[in-house]
Amino acid sequence: MHKLVAIKGMNDILPPESARWEWLEEKVRSLMARHAYRNIRTPIVEPTPLFVRGLGEVTDIVEKEMYSFEDRLNGEQLTLRPEATAGVVRAVVEHSMLYDGGKRLYYMGPMFRHERPQRGRYRQFHQIGAEALGFPGAHADAELILLAHALWQELGLQDVRLELNSLGQPEERRAHRAALIAYLEQHQEQLDEDARRRLYSNPLRILDTKNPAMQALVEGAPRLMDFLGEASLAHFEAVKAILDANGVAWRLNPRLVRGMDYYNLTVFEFITDRLGSQGTVCGGGRYDYLIEQIGGKPAPAVGWAIGVERVLELLKEQGLAAPEAVADAYAVVPDAAILPQVMAHLQQLRALGVAVQMHAPTAAGEGMGSMKSQFKKADASGARHALVFGPDEWARGAVTVKPLRQAGEQVERALAELSNWAATLQSSR
């Protein structure tokens, strides 16, 4: 029969690589707990109008990247989530989560976009995100940026720089939009096909073009910063002041606009040059109008999302290896007849927090194998110790503990005292 394989750009994550993912996720959970952010889990499938309304009809995501389909049972239009913020806001509105004040939330999970797979960019990709909803002040913007910065320090990441911009408020963007369109109309012969398509629908995105032939044109375009009013400028200055006070370096990027329509005021990206064109490892900003757009009472919000694949790729690029998931002990059991009793002892060790891998035949009808073959497998497993349940030890009610990764003598221990060994092992970690 024809062998079925995964969809291109939707990847299996296998051991030992999956251990790196678990390590990163555990780092994030610990960091979020210290910052009092609480976990939220939303569905992978959402109503298509949620993203059309929330992200904007003329964004790249909505126009050409979403996986959308009709539910054959009821004709409902559904979409695999291309990002998580809209779904988090939908959940917050649906469950009236802001009735008693602001909420700090975080999420982890897969997102889906139909685009050409390349390094760090896949059709099913994974994001970790943080959202602070119900907080209007610049301190919330800065808190989110400091949270991401703390994660880079926790992971040991280097060569990640912070870029900032302010998109102001809608009326300020409208004034800038009119000036930008007038400027671009005067230079239509220099616009590429994508820019001509966006000229009247989403001209701000033209400023984010990667086309080298348009860089000079973009550099000379009216700057949104010049259209910001006193309140928007004061908000931006307050964000920068908090970052300065915390020693976080930043660079103003007046062309930074982000890819979704819901942003206002502060937007930011953490960028690296180590991953080629896919250099953004974290992006976010303030979105004070999205909650109302999705049907809730007006409330401010700010958040960011991290590309998990890109962070892991950057860790690998910098030679930062996550600890491997290996067992504390490998049980060598030459006699299958004593397996039931041995497994009872192993379960006791596991209950005490010891990670134990038990030797087992790999084919039906195969015996346990020789001591030599079992020791080879114990060594290959990466386990720190071998627990040898040989016939002589078993007759004495004992087990031999043999170090596999460090110098030391093998020691025979009474089975009744294995809990003492487990305590010693735990304290040495």
Residue satisfying condition, being among the small types (Gly, Ala, Ser), free of Cβ contacts under 8 Å to residues at least 12 places away in the same chain and either closer than 25 Å to Val248 by Cβ or surrounded by fewer than 23 Cβ atoms within 10 Å (Cβ to Cβ) (or both), within set Ala305, Ala321, Ala301 = Ala321
Considering the range 1-55, residues that are touching a strand residue (DSSP E or B) at 6+ places or on another chain (Cβ under 9 Å) and of a type in the set (Asp, Glu), and then whichever is nearest to Gly382 (Cα to Cα), we arrive at Glu25
Check whether at least one residue in the range 275-298 is more than 23 Å from the chain's Cα centre (by Cα), small (Gly, Ala, Ser) and surrounded by fewer than 18 Cβ atoms within 10 Å (Cβ to Cβ), and report yes or no.
-> yes
Kindly check whether there is at least one residue in the range 81-97 that is more than 22 Å from Ala148 (Cβ to Cβ) and modelled with pLDDT under 95.
-> no
Between a first residue in the range 184-201 that is without any contact (Cβ under 8 Å) to a residue 24 or more places away in the chain and a second residue that is loosely packed, with under 12 Cβ neighbours inside 10 Å, which pairs have beta carbons less than 8 Å apart while being 6 or more apart in sequence or on different chains?
-> Asp192/Ala213; Arg196/Gln188; Leu199/Gln188
Of the criteria (1) at pLDDT below 95; (2) out of contact with any Ser or Thr (no Cβ under 9 Å at 6 or more places or on another chain); (3) among the small types (Gly, Ala, Ser), which one Ala325 fails = (2)
In this structure, is Gly247 modelled with pLDDT of 90 or more, over 30 Å from Ala150 (Cα atoms) and surrounded by fewer than 15 Cβ atoms within 10 Å (Cβ to Cβ)?
-> no
Specify the residue that is farthest from the chain's Cα centre (by Cα); the eligible residues are those in the range 133-161 that are among the small types (Gly, Ala, Ser) and within 15 Å of Arg34 (Cα to Cα).
-> Ala150
Which condition number in (1) open to solvent by less than 60 Å² (accessible area, probe 1.4 Å); (2) touching a His at 6+ places or on another chain (Cβ under 8 Å) is the one that Val28 fails?
-> (2)
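The values are calculated or read from the model by the stated rules, or taken from the named source; none is laboratory data. As the structure is a computational prediction, the values presented were derived from the model and not from experiment. Cβ: placed from backbone, ideal geometry, glycine included. Neighbour counts: every protein chain shown. These area figures cover heavy atoms from the full protein model, side chains too; ligands, DNA and RNA do not enter into them. Shrake-Rupley method; radii C 1.70, N 1.55, O 1.52, S 1.80 Å.
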